[in-house]
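Structure first, commentary second.
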Amino acid sequence: MTDDGKQPVAGMACDAAKEGHQRYATLQAGEARIAQIAKLLPPYAHAMGIAICGLENDTPILEMEFAAHLQGWPGLFHGGTLAGLLEMAGLASVLTALHDVGRKENLRPINHSTNFLREARGGRVYAFGRVTRLGGRNAHVQVEAWQSDRHTPVAEAVMNVMLKRGAGST
Amino acid sequence: MTKPSSDTIEPGQNWAIRGALDEGAPTQSSEVTQQVIDAMLSHGHVNWLGCRYLGAGDDWCELEIPWREDLAGDSRAQTIASGPLISLMDTACSIAAWRKIGAFQAQVTLDLRLDYLRPPRAKAGIIGRGRCYHLTRSMAFVRGIAHEGDIDDPVAQIVGGFMRFSGAGAGPGSSRKTPKERRAAESQDSSAPASGESEGEQ
């Protein structure tokens, strides 16, 4: 019972995100923006098959497709993969918000609190992070992950991220 | 990265962990738990992470994920992402709960909170020790420490809770029954044992 047959339904979440970009020029700018943000995602995101599937309020929506290496219980995503997706979505949103105001800080996670609400079965999972505070030293993000129905989240996370100036690692 | 073929991810496939789940009744705890540990670490996401078993006690378990480039959460700093760390602690704490219960039981993670005490070192793997500090009939409460070899110099601390399911066939990934169906099944339980067939809905 993989959700392969339901992919068009899942794809609608992305289409809906793209509906905001009615004019072609805007859409093109959106795709350039997606490509730009995609470069900011770390190796872990690529290894997990996490990609940007659309924009909402100019902030990326991430997607992750089910594969054997993401499985926990038979047929279900491992909870850790959902936490990983939520983390990537949260970081992507903060990076985007920083980028938009011309800031280039390094991100360092302070904490990450995940709530698992439902089992995530096969198919795809989407995630979107809302930056609820972007301060000088830290950022606060709320992230949600869902499958076919945006209003039925499978997992949620709250993250606090330290923003470190300069290229150094201290 | 090669994507494994889809036949390896067919739900409900009869690998050891599902077999242990279907058995339901607790058997010799340590043996079952060791089997379950082996099964868990050789399948799915945990296997992909390269998770290794280091040790376990009455209420704890220690696992390790060696460093790998594709687990980096920061390509410049070359430090491990939170995702693998959470997966590691989730698994270690899950096993710790089974050790405390004394048997393998289906359970799902309800929540996990990870606090970084310091940044992970560049190109360092991670060791996670999870401990189940309290059990109730429906919950297992866990705490854990992630470190890089010296537990007195931890990278992160986690707290969380698992929801326990007891009884054969219950738990994540099993065929769903509505409360009404479940009550009906329970009332008929003595007269007609439940067959293994499900409607395949949901």
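Identify, please: which residue in the stretch A:120-157 is among the acidic types (Asp, Glu) and more than 12 Å from every other protein chain (Cβ to nearest Cβ) and is, among those, nearest to residue A:93 (Cα to Cα)? Working first, answer last.
Of the stretch A:120-157, the ones among the acidic types (Asp, Glu) are A:144, A:149, A:156.
Filter once more, so that each one left must be more than 12 Å from every other protein chain (Cβ to nearest Cβ): A:144, A:149.
Working: A:144: 12, A:149: 21 Å.
Across the stretch A:120-157, the extreme among qualifying residues is A:144.
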Practice problem: Would you check which residues across the stretch B:45-64 are more than 11 Å from residue B:88 (Cα to Cα) and within 11 Å of chain A (Cβ to nearest Cβ) and list them? | Solution: B:48
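Look through B:80, B:86 and report the one residue that is crowded, with 22+ Cβ neighbours inside 10 Å, farther than 28 Å from residue B:135 by Cβ and not aromatic (Phe, Trp, Tyr).
On the way: B:86 fails: farther than 28 Å from residue B:135 by Cβ.
Only one candidate passes the filter, namely B:80.
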Quiz item: What residue, of B:24, B:12, B:73, is within 7 Å of another protein chain (Cβ to nearest Cβ), out of contact with any His (no Cβ under 6 Å at 6 or more places or on another chain) and at pLDDT below 90?
Solution: B:12
Quiz prompt | In the stretch A:68-81, the residues that are in a helix (DSSP H, G or I), in contact (Cβ under 8 Å) with a residue 24 or more places away in the chain and out of contact with any His (no Cβ under 8 Å at 6 or more places or on another chain) | solution = A:79
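Could you please let me know if residue A:77 is within 14 Å of another protein chain (Cβ to nearest Cβ) and either surrounded by 24 or more Cβ atoms within 10 Å (Cβ to Cβ) or of a type in the set (S, T, N, Q) (or both)?
Details: within 14 Å of another protein chain (Cβ to nearest Cβ): yes; either surrounded by 24 or more Cβ atoms within 10 Å (Cβ to Cβ) or of a type in the set (S, T, N, Q) (or both): yes.
Judged against the criteria, residue A:77 is a match.
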Quiz item: Out of all the residues in the stretch A:115-141, which are modelled with pLDDT of 95 or more, among the aliphatic types (A, V, I, L, M) and either closer than 18 Å to residue A:50 by Cβ or not in a strand (DSSP E or B) (or both)?
Solution: A:117, A:125, A:127, A:141
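Residues checked against (1) surrounded by fewer than 15 Cβ atoms within 10 Å (Cβ to Cβ); (2) touching a Gly at 6+ places or on another chain (Cβ under 6 Å); (3) closer than 21 Å to residue B:109 by Cα; (4) touching a residue at least 60 places away in the same chain (Cβ under 8 Å):
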| residue | (1), (2), (3), (4) |
| --- | --- |
| A:123 | no, no, yes, yes |
| A:135 | yes, no, no, no |
| A:142 | no, no, yes, no |
| A:146 | no, no, yes, yes |
| A:150 | no, no, no, yes |
| A:156 | no, no, yes, yes |
| A:162 | no, no, no, no |
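Can you work out which of the residues in the stretch B:122-134 that are crowded, with 17+ Cβ neighbours inside 10 Å and over 14 Å from the mean Cα position of the chain (by Cα) is nearest to the other protein chains (Cβ to nearest Cβ)? Talk me through it step by step, then tell me what you get.
Going residue by residue through the stretch B:122-134, those that are crowded, with 17+ Cβ neighbours inside 10 Å are B:125-132.
Checking which are over 14 Å from the mean Cα position of the chain (by Cα) leaves us with B:125-127.
Details: B:125: 14, B:126: 12, B:127: 16 Å.
For the stretch B:122-134, the residue satisfying everything is B:126.
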Quiz item: Quick one: which helices (runs of 4 or more DSSP H) sit completely within the stretch A:1-67 and have at least 2 residues that are of a type outside the set (Val, Ile, Thr), at pLDDT 60 or above and surrounded by 13 or more Cβ atoms within 10 Å (Cβ to Cβ)?
Solution: A:24-38, A:43-47
Practice problem: Of the numbered conditions (1) surrounded by fewer than 18 Cβ atoms within 10 Å (Cβ to Cβ); (2) over 26 Å from residue A:120 (Cβ atoms), residue B:42 fails exactly one; give the number of that condition. | Solution: (2)
Exercise. Would you check if there is a residue in the stretch B:101-117 being more than 17 Å from residue A:84 (Cα to Cα) and at pLDDT 95 or above?
Key: yes
Self-check item: Whichever residue in the stretch A:85-119 is more than 10 Å from chain B (Cβ to nearest Cβ), among the small types (Gly, Ala, Ser) and touching a Leu at 6+ places or on another chain (Cβ under 9 Å) and, among such residues, is surrounded by the most Cβ atoms within 10 Å (Cβ to Cβ)
Solution: A:89
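The values are calculated or read from the model by the stated rules, or taken from the named source; none is laboratory data. This one's a predicted model, so the numbers in the text were calculated from it and none came from an experiment. Positions of Cβ are backbone-derived with ideal geometry, glycine not excepted, and every protein chain shown enters the neighbour counts.
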